[in-house]
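What follows is a single structure, written as structure tokens, with notes after it.
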Amino acid sequence: MRILGIETSCDETAVALVTDGRLVAERLATQIDVHALFGGVVPEIASREHLRVLPRLFDELMAETGLRAGDLDAIAVARGPGLLGSLLVGVSFAKGLSLSTGVPLVGVNHLWAHLLAPGLVEELLFPALGLLVSGGHTHTYLVRSPVEFELLGRTLDDAAGEAFDKVAKLLNIAYPGGRFIDMLGAEGEPDTTLFPRPYVDNQSLDFSFSGLKTAVAKHIAAHPDLVLDELAGAKEVAGLSGPRRERLARVCASFNWSVAQTLKIKVERALARVGAVRSLIVAGGVAANSMVRETMAGVASAAGVRLTLPSPGLCTDNGAMIAYAGWLLTREGYSHSLDLEAVPRGHVVPLDWAVCGDKRAKE
């Protein structure tokens, strides 16, 4: 089966073709440079950029693969959660293709797709505990199959990735700043007493990183020399040296440690509650963070389960994960009508598939 994947949930415009579970080709356009000027994603600008580049990316993908839209077996599109205006661009484009070609349409839960993405390169073992750590969400799931996700813990306020970007902004590091905090943090030794591990002194599986962000903000306010003189991108961060770089490295390492240890505590708590699972899947943009990856490797080893991590390229938003999730759904007989709705962040993506044959959507 040939599945087209369309991703426009935030600030990455992406399309990809997956054939029988294997990635064949993909195209991606990032908006990082556009939004860096504002220190974060501007929803209206993001929507307009998707509208501008999506048709071109689709044409390029079809030209590379030598296919026409009518040769596809299904069109998968990220329906949410995400920025509503951005989602509507992708969903509308997918509906237009489906209507004009008669190719079935299937809406994909963007969060589930992140956790399924490692299946493009290795077999996924179920049941699994899934940890999604991204800019907008920090969630844990019990994943029984590619279509059975039970939410265990969720973001109450700031997600881990959002905290990374906000801390970077406080330091005058360009958006998205998480990669620079990871890079600097790898050079320093964390002070485990400097920042708290937020929202762990309870029995909840939910996450809250607003307190950690506030603690870092107070520390930076008390040490203004940490703030870079000019907005720093890759070149400027690489050029830092001397005592200032050492102080920044210590702060970034300490922040990395607090985030990673908070995730560790919650994941270990979730593993103890769900019982036997075969794997721990960690996905999302923050899954590319070196300390998070190292910490989760230790958690998986101690629990005696296999750690499944996507490659760094599959951690961020991409079309391949949407196409792959769409292939799994189509293989199970699921599809959507043209009534498919986009679902903004903060709302639950419904299980409203149409089901072929004897398949039944699992509540």
Distant-in-sequence amide H partners of I281 (H built 1.01 Å from N, under 5 Å): L129, G130, L131, T308
Cα gyration tensor, region 1-129 - rounded (a/c under 1.5), prolate or oblate: oblate
Sum of -39500 (n - 2.57) over DSSP H runs of 4+, divided by residues of the chain (222 nm, nearest 500): -13500 deg cm²/dmol
Cut-off under 5 Å, modelled amide H: who pairs with L105 long-range: I75, H336
C-alpha long axis of helix 43-65 to longest principal axis of the chain, angle in °: 50
Amide proton proximity set for D206, modelled H, under 5 Å, gap of 5+: R154
Environment charge at L231 (Cβ cut-off 14 Å; Lys +1, Arg +1, Asp -1, Glu -1): -3
For region 309-359 and region 116-170, distance of Cα centres in Å: 15
The chain: most fluctuating residue of A272, A168, A46 per GNM, C-alpha cutoff 10 Å: A272
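Readers should treat all values here as calculations from the given coordinates under stated rules, not as data from a laboratory. Predicted model, so just to flag it, every value in this text is computed and none were measured. Using ideal geometry, Cβ is built from the backbone for each residue, glycine included, and neighbour counts are taken over all protein chains shown.
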